[in-house]
Amino acid sequence: MNLTIIGSGYVGLTTGACFANVGHHVMCVDNNPEKIAKLLKGEIPIYEPGLEEVVKTTVAAGRLQFTTSTEEGVDFGDVIFIAVPTPPQSDGSVDLRFIEKVAREIAQVIKSYKVIVDKSTVPVKTGEKVADTINRYKPDVEVDVVSNPEFLREGCAVDDLMHPDRIVIGTNSDRALALMQKVYEPFLAPILVTDINSAELIKHAANSFLALKISYINAVSQICEASGADVEKVAEGIGADKRIGRHFLNAGIGYGGSCFPKDIAAFIAISEQLGCPFTLLKEVEAINANMKQRFLKAIRNALWVLDDKKIAVWGLAFKNNTDDIRSSVAIELVHALVKEGARVTAYDPKGMENAKMLPWADQLTFADSPMDCVDGAEALIVATEWPEFASQDFLEVKNRMLAPLIFDGRNLLDTTTMKELGFRYTGIGRGVA
Ligand SMILES: NC(=O)c1ccc[n+]([C@@H]2O[C@H](COP(=O)([O-])OP(=O)(O)OC[C@H]3O[C@@H](n4cnc5c(N)ncnc54)[C@H](O)[C@@H]3O)[C@@H](O)[C@H]2O)c1
């Protein structure tokens, strides 16, 4: 099939490459000329494991192409996927300007029947508005609007797209459904067909549930700290129950990233607009914010005054295996430390180039390796769960530091080992060693 993706970021580019990988012909559109210029030169503008290989192979096979022209894209595809940003507004509700603009742009150039697919995460009833918009500007061309939310995780997006748990297709049109089933046939994954509104709701409800699980274990971690229990063991015990599951029961300094904070805020705003406020989710947010504050407080308690202290931070990306620092808790922590006068040296295997673009990046020192990062530091903070951090030579880490103090915001390191090596180790919900 001929498929078009409008918006070639983390979701759009990876989705386009994976569609091309299973044999479709794909045109990825982006209105950022620098991004498209890079892609045309064979450069991948983001870090996502395995993506470069898939892009290179499918481009070489003539099945993946790039353009800045929406018109060219709309002419090309039988199915047009929209994968543009849906950022939060200051009240938490979703800023739908990018989606609305794409709907208008499509209406300006569409010449024949197309299926328009919302892949971006959008509030329930957005599909109706996209259809209205296109019909308003181009009443004589028939379109079907479909909701097809994306569940990929950054860091393993290629694998998630090639082997999804489920594919959700929300549509009221048999014609559109037949085309969508053809798009996804090669993926051999279960397809759930719903109406448009249900499909849109599934995405916000799913992300909110995952965030709730994280805040649940984080609240439990506070009780563990107060009672001398170990949250890792508690999570193992809870998670072994198949009805609950072990995933997303990792205590830490809270969820961040470009999706969870905005999607939970959006679901709260949506529920309020619909007159059924989802107050439970406000508590989820409050617990999440509190985890950062508790962690900072523990650091202040240990170091007394942060001003002029050299602090090493391992991790800037919002999670491991990505270069994405959008709404990263690690970045928020570093910023808070810098604002209190600490001299922060940071290291992240993939996130440093993006961090160097932060407006306050000149107040940070970037290290070349985890080991260089800890030189002369009075405390080491583990802020992102990159596995390579756990396999460092901690005897050398200790020798290089000014004082052997570790704050592990991701419970990445082994408490007993750290204690035996002579560190003062603080994890989350594991007491102070
Ligand atoms: N990143 C994730 O892990 C993830 C997972 C599931 C769903 N989502 C959702 O997918 C959507 C996209 O997220 P993302 O992380 O890929 O964003 P992104 O910022 O990485 O990419 C969006 C791209 O859209 C382009 N764009 C904006 N307006 C455009 C226009 N009018 N025409 C053409 N291109 C345009 C931007 O230049 C950018 O390259 C959001 O709704 C997000 O919530 C993201």
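The values are calculated or read from the model by the stated rules, or taken from the named source; none is laboratory data. Here the structure is a predicted model, which is why all the values come from computation and not from measurement. Cβ sites come from the backbone with ideal geometry, for glycine too, and all protein chains shown count toward neighbours.
Val193: touching a residue at least 12 places away in the same chain (Cβ under 8 Å), surrounded by fewer than 17 Cβ atoms within 10 Å (Cβ to Cβ) and part of a strand (DSSP E or B), yes or no?
On the way: touching a residue at least 12 places away in the same chain (Cβ under 8 Å): yes; surrounded by fewer than 17 Cβ atoms within 10 Å (Cβ to Cβ): yes; part of a strand (DSSP E or B): yes.
Taking the combined requirement at face value, the residue satisfies it.
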**OP:** Any residue in segment 86-98 that's farther than 14 Å from Gln273 by Cα: show its pairings with residues that are surrounded by 15 or more Cβ atoms within 10 Å (Cβ to Cβ) and of a type in the set (Asp, Glu) at Cβ separation under 6 Å, as long as the two are six or more apart or on different chains.
**Re:** Pro87/Asp95; Gln89/Asp95
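Kindly establish whether Val284 is among the hydrophobic types (A, V, I, L, M, F, W, C) and closer than 29 Å to Thr126 by Cβ.
yes
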Subject >> Selection count where residues are within 12 Å of the ligand (Cβ to nearest atom), assigned to a loop (DSSP other than H, G, I, E, B) and β-branched (Val, Ile, Thr), scope segment 102-122 >> reply: 2
Subject >> Qualifying residue in segment 71-91 (condition: of a type in the set (Ser, Thr, Tyr) and not in a loop (DSSP other than H, G, I, E, B)) >> reply: no
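With the structure loaded, tell me whether Ile46 is among the β-branched types (Val, Ile, Thr), in the same structural domain as Thr121 (by TED's automatic domain parsing) and near the ligand (Cβ under 10 Å from one of its atoms) or whether it fails that test. I'd like the intermediate steps shown before the answer.
Working: among the β-branched types (Val, Ile, Thr): yes; in the same structural domain as Thr121 (by TED's automatic domain parsing): yes; near the ligand (Cβ under 10 Å from one of its atoms): yes.
Taking the combined requirement at face value, the residue satisfies it.
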**OP:** For Asp30, work out the one condition from (1) among the acidic types (Asp, Glu); (2) exposed (fewer than 15 other Cβ atoms within 10 Å of the Cβ); (3) within 10 Å of the ligand (Cβ to nearest atom) it doesn't fulfil.
**Re:** (2)
Subject >> Unmet criterion (only one of (1) at negative phi; (2) more than 22 Å from the chain's Cα centre (by Cα)) for Gly376 >> reply: (1)
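With the requirement that a residue be in a helix (DSSP H, G or I) and among the aromatic types (Phe, Trp, Tyr), what does segment 267-303 give you? Give the derivation first.
Looking only at segment 267-303, we keep the residues that are in a helix (DSSP H, G or I), and these are 267-273, 279-303.
Correct list: Phe267, Phe295.
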**OP:** Having 1 or more residues that are over 23 Å from Ala157 (Cβ atoms) and of a type outside the set (Ser, Thr, Tyr) is the bar; report the helices (runs of 4 or more DSSP H) wholly within segment 308-387 that clear it.
**Re:** 329-339, 370-374
Original post:
Quick one: would you say Phe66 is in the same structural domain as Leu161 (by TED's automatic domain parsing), part of a strand (DSSP E or B) and modelled with pLDDT of 95 or more?
Top reply: yes
Original post:
Using beta carbons and a limit of 8 Å, which pairs, at least six apart or on different chains, have the first residue in segment 332-356 and over 24 Å from Pro387 (Cβ atoms) and the second one surrounded by fewer than 20 Cβ atoms within 10 Å (Cβ to Cβ) and polar (S, T, N, Q)?
Top reply: Val338/Gln363; Arg343/Thr365
Original post:
Considering only residues of segment 324-337 that are within 24 Å of Leu402 (Cβ to Cβ) and crowded, with 19+ Cβ neighbours inside 10 Å, which is farthest from the ligand (Cβ to nearest atom)?
Top reply: Leu337
Original post:
Are any of the residues in segment 175-190 in a loop (DSSP other than H, G, I, E, B), under 26 Å from Phe267 (Cβ atoms) and assigned by TED's automatic domain parsing to the domain that holds Gly50?
Top reply: yes
Subject >> Residue selected from segment 239-270 under the condition crowded, with 18+ Cβ neighbours inside 10 Å and more than 16 Å from the ligand (Cβ to nearest atom), by the criterion nearest to Val334 (Cα to Cα) >> reply: Ile253
**OP:** Return yes when Tyr184 is over 26 Å from Thr126 (Cβ atoms), out of contact with any Asp or Glu (no Cβ under 6 Å at 6 or more places or on another chain), surrounded by 14 or more Cβ atoms within 10 Å (Cβ to Cβ) and of a type outside the set (Gly, Ala, Ser) and no when it is not.
**Re:** no
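Which residues, taken from segment 143-173, are hydroxyl-bearing (Ser, Thr, Tyr) and in a loop (DSSP other than H, G, I, E, B)?
Keep residues of segment 143-173 that are hydroxyl-bearing (Ser, Thr, Tyr), which gives 147, 171, 173.
Correct list: Thr171, Ser173.
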**OP:** Look through segment 10-48, keep the residues that are outside any helix (DSSP H, G or I) and of a type in the set (Gly, Ala, Ser), and return whichever of them is nearest to Leu64 (Cα to Cα).
**Re:** Gly23
Original post:
Any idea how many residues of segment 9-27 are within 19 Å of Cys156 (Cβ to Cβ) and within 13 Å of the ligand (Cβ to nearest atom)?
Top reply: 9
